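No value in this document is a laboratory result; all are computed from the given coordinates. Given the structure is predicted, the values throughout are model-derived calculations rather than measurements. With ideal geometry, Cβ positions are generated from the backbone for all residues, glycine too; neighbour counts draw on all protein chains shown.
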Amino acid sequence: MIDVPRFGLGCAPLGNLFRQYSEAEADAILDAAWDAGVRYFDTAPHYGLGLSEQRVGRFLATKPRDEYVLSTKVGRLLREDPSWDGAAMAAGGFVVPARLQRVLDYSAAGVRASVEESLARLGLDRVDILYAHDPELSGVPGATESALAALAELRAEGTVGAIGTGSLGIDAQLTTVRTGLADVLMVANRYTLLDQSAVPELVEACDEYGVRIVAAAVFNSGLLASTPSRDARYDYEAVPDEVFARALKIDKVCAGYGVDLPAVALQYPLLDPRVISVVAGAAAPDQLRQNLAHLDAPIPPALWQDLAAIGVPPPRGGDTPGLRTS
C-alpha cells in the first residue's frame, strides 16, 4: 500500500513555469515544503524540459528515500531539437531554452524510455507513482491503453508502486479506469469549485474499479488562488467572462463567512472520500506555507450549503477501497 499524503507540492514552477526561478529560489521552495512536513512531490519531464525533475532529484537526494512519495509522468520524450537557433525559448509556458523538444510517445518502448530518462534526471532507481501524461494529446488510437499496459509491467517489476493517468481529459481518465490496471488518477482542473467535470461519471467509475484520485490544479491555474483578478489565468489561458463572474460569486460567499477563497478551493475536492490528496504548486516559500494554512482553515458547514445554492455542488460521497498496488 502507498500512503499518499493529503497534500503534495506540484513542482511545475520548479521547471520555470511562466518565469525563471533561480536555483536558490527553487531550493528555498523545496526546503520550505520539507520543513513544513510536505512529503509528496509531483513532477514531470514536461515541466521545464526536465528542469523540474533535475531540481527535485537533487533536493530529494539529501532525504531518506522511505520518507517521501514521488510521482512523475510518461508520454513526453525529450529529444535534441536540430532546428534550435541557440536563442529561442520553449513553448508551453516554461521559460527554458528550446534546446530540447517534446516528442509524444505512449508506446511500450516510449514509456520505458521515458521512465529510464526520468530516473536518470531524478537520480533514483524507482518512483512511487507514474502517470501517463495527457495521452489524449497524442491523437493515436489506443494511446491510453498502451501506456497503462506498459506502466503495469513496470509496476510488476517493482520500478513503480502505483500507476494511472494525469490529465485534464476526462475521457482519457475514464479509459484509464476501465482498463482495470490503474491505482490512482491525477485529475487536473476538473474537480474544482469552477469545474466538476469529474462528476458523476468518473467518480462512479473509480468506485467500480477501486481507483483513487489526486486532485491537481485546484486553483484552475491561478484564478482561485486569491481574490479573483482579471490578470489571473484559468486553465492556463485568459479567463472567460462567464467563468470570472462565477468566481466572483464564489468569492463573495466565502467572504461572507470570513474564509479565504483558496482555503475553500483546496478543501473542496477533499470532501469526496475518493480524493486522497490535493497537489498545488508554489511560487515562493510564503505561498507554500499559506497553502498549508489554508488546507487546515476551519470552514463552516453552512458555507458549502450556500455554495450549492449558487451552483457549486458538494462533492459526492461514497465508499471507495484503499489505494491498490501490485
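Hey, what number do you get for the chain at 222 nm if only DSSP H runs of n ≥ 4 count, each worth -39500 (n - 2.57), divided across all residues, to the nearest 500?
On the way: 10 runs with 114 residues, N = 326.
Counting only the DSSP helices, I get -10500 deg cm²/dmol.
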Requested in this report: Just name one of Ala238, Gly281, Ile310: the one whose Cα is farthest towards the positive end of the charge dipole of the stretch 198-326 (beta-carbon charges, Lys/Arg +1, Asp/Glu -1).
Outcome: Gly281
Query raised in the report: Of Asn220, Phe59, Phe7, which is farthest along the charge dipole of the chain in the positive direction, counting Lys and Arg as +1 and Asp and Glu as -1 at C-beta?
Result: Phe59
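So for each of 192-200, 95-103 I average, over its residues, the number of other beta carbons within 10 Å; can you give me the resulting order with the highest mean first?
192-200, 95-103
Return the equivalent ellipsoid semi-axes of the chain as a descending list in whole Å, where each equals the square root of 5 times an eigenvalue of the C-alpha gyration tensor. Provide the component values of the computation, followed by the final result.
Values: eigenvalues 173, 110, 75 Å².
So the three semi-axes of the chain are 29, 23, 19 Å.
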Query raised in the report: Scattering from the C-alpha atoms of the stretch 1-131 alone, worked out with Debye: what is log10 I(q)/I(0) at q = 0.20 1/Å?
Result: -1.18
Requested in this report: Search the structure for amide H atoms under 5 Å from the amide H of Arg233, placed 1.01 Å from N in the peptide plane, and list their residues when 5 or more places away or on another chain.
Outcome: Leu223
Query raised in the report: If you take the Cα Rg of the stretch 96-199 and divide it by 2.2 N^0.38 Å, with N the number of residues, what do you get?
Result: 1.09
